[in-house]
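Q: Handing you a structure now.
The values are calculated or read from the model by the stated rules, or taken from the named source; none is laboratory data. In this text, all values refer to a predicted model and were calculated from it rather than measured experimentally. Here Cβ is always computed from backbone atoms with ideal geometry, including for glycine, and neighbour counts include all displayed protein chains. Note: accessible area is taken over every heavy atom of the protein model, side chains too, but ligands, DNA and RNA are not part of it. Shrake-Rupley method; radii C 1.70, N 1.55, O 1.52, S 1.80 Å.
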Amino acid sequence: MLGEDTSKSGLYAPGKRRRLNIVAICLNIFLPWIVFSGVFAAMTFDLHYKKPFWTWFIVGVGGAITLGAWVLAVIRKRGVSWNLFSSIALTIGLVLAVFLGDLNFRFNMSRYYDIANLQVYEDVKPDVDKGSSLMDAGKVYFASGTTLDNTRGVGFKNGDVYCVAPIVKDTMTDYDFWAVGKNCCADRADFRCGEYANRRARAGLRMMDDEDRPFYRLAVVEATNADSANPMPAPHPLFFYWMQDPLAAQNAYRDDGFKFFLIAIFSHFAFNLLCVIVATIAFAKIGSRY
């Protein structure tokens, strides 16, 4: 497989000039990298977000190529050879592509796509607007005079500390807009998350982590019940990262995802190339045909 010369078998005879199998070497340089890059791209970008079936179909194609390499290596029974090398290289590339691609998708690209598919609201007034009317908000720009009420911030601890503080303006009736963050506050009245100290910050980027949302809700329950004399009803709480420019923060997810993708594919190419060079030298020393 992969360009290996099977016309003869055995070790090189003493004194016989050894020839490189250029086809096998080139295939083992590029094929594992192509499989890695293709599967990694499918797992990372919008195909995974919009059409997950086709994403896993591409993973299946990569798996079929890898399985075929192993079957051919077993059938030929040539021991240490380019057949075995390609099987191992394809397996490593496929596993890494699925793992790293899913990681990049979850922590970067899916967050970007989620926010991009939601609405942008401007001049939102926390004292007038209700959370129930902005359930599809991705980026919110609040009206002038909107601030964080750090004195009524609360931290709920469950391993991490889930911090919340109400976003307020003038006289509030319902508290549906909350700034959030993890491990950036004390139990009470010490919210230090996001751009809390930036006087120009008056906007929010929607918090999209489903795993964290229940704990932020519990923190809001604590906050609304902390002072019975001054209740803070929150019938439809929405959670945001407090900042000045949510569009830049949204695009940062995309940029980080592309950066991770490029670093990964070039690193894999360099690693695989190094392995091919080492294998070429090793095969030459043990006298295997390639």
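Q: If I ask for residues that are open to solvent by 70 Å² or more (accessible area, probe 1.4 Å) and at pLDDT 95 or above, which ones from segment 20-49 would you list?
A: Phe30, Ile34, Tyr49
Q: Testing Tyr141 on (1) touching a His at 6+ places or on another chain (Cβ under 7 Å); (2) under 30 Å from Glu222 (Cβ atoms); (3) among the aromatic types (Phe, Trp, Tyr), one condition comes back false. Which one is that?
A: (1)
Q: I need the full set of residues from segment 252-281 which are more than 14 Å from the chain's Cα centre (by Cα) and touching a residue at least 60 places away in the same chain (Cβ under 8 Å), in order please.
A: Ile265, His268, Phe269, Asn272, Leu273, Cys275, Val276, Ala279, Thr280
Q: Collect the residues in segment 50-87 that are open to solvent by 30 Å² or more (accessible area, probe 1.4 Å) and closer than 19 Å to Ile265 by Cβ, keeping them in residue-number order. Write out each step before concluding.
A: From segment 50-87, those open to solvent by 30 Å² or more (accessible area, probe 1.4 Å) are 50-54, 56-58, 60-61, 64-65, 67-68, 70-72, 74-80, 84-85; that's our starting set.
Ile58, Val61, Ile65, listed by residue number.
Q: While we're here: Looking at Ala252, Ala264 in this structure, which one is open to solvent by 20 Å² or more (accessible area, probe 1.4 Å) and touching a Phe, Trp or Tyr at 6+ places or on another chain (Cβ under 9 Å)?
A: Values: Ala264 fails: open to solvent by 20 Å² or more (accessible area, probe 1.4 Å).
From the options Ala252, Ala264, the qualifying one is Ala252.
Q: For segment 33-126, which helices (runs of 4 or more DSSP H) that fit wholly inside it have 2 or more residues that are among the small types (Gly, Ala, Ser) and farther than 21 Å from Asn272 by Cα? Spell out the reasoning first.
A: Values: elements: 46-50, 52-76, 82-104, 110-116.
Filter on segment 33-126 gives 110-116.
Q: Does segment 147-159 contain at least one residue that is under 26 Å from the mean Cα position of the chain (by Cα) and at pLDDT 95 or above?
A: No, segment 147-159 contains no residue that is under 26 Å from the mean Cα position of the chain (by Cα) and at pLDDT 95 or above.
Q: Tally up the residues in segment 223-241 that are farther than 26 Å from Arg111 by Cβ, open to solvent by 30 Å² or more (accessible area, probe 1.4 Å) and touching an Asp or Glu at 6+ places or on another chain (Cβ under 9 Å), please. Don't jump to the end; show me each part of the working.
A: Initially, segment 223-241 is screened for residues farther than 26 Å from Arg111 by Cβ, giving 224-233, 235.
From the residues that got through so far, the ones that are open to solvent by 30 Å² or more (accessible area, probe 1.4 Å) too are 225-231, 233, 235.
The next check asks that each one be touching an Asp or Glu at 6+ places or on another chain (Cβ under 9 Å); those that pass are 233, 235.
Residues meeting the conditions: 2.
Q: What is the one condition in (1) touching a helix residue (DSSP H, G or I) at 6+ places or on another chain (Cβ under 8 Å); (2) surrounded by fewer than 20 Cβ atoms within 10 Å (Cβ to Cβ); (3) at pLDDT 95 or above that Ala143 does not satisfy?
A: So the condition that Ala143 fails would be (1).
Q: Under the condition of being part of a strand (DSSP E or B) and either open to solvent by 80 Å² or more (accessible area, probe 1.4 Å) or at pLDDT below 95 (or both), which residue from segment 169-211 is nearest to Arg106 (Cα to Cα)?
A: Ranking the candidates gives Lys182 first.
Q: Only residues in segment 91-116 that are more than 16 Å from Tyr253 (Cβ to Cβ) count as the first member; pair them with residues that are polar (S, T, N, Q) and in a helix (DSSP H, G or I), Cβ under 7 angstrom, at least 6 apart or cross-chain, and list the lot.
A: Short answer, once both residue conditions are applied: Thr91/Thr66; Leu94/Thr66.
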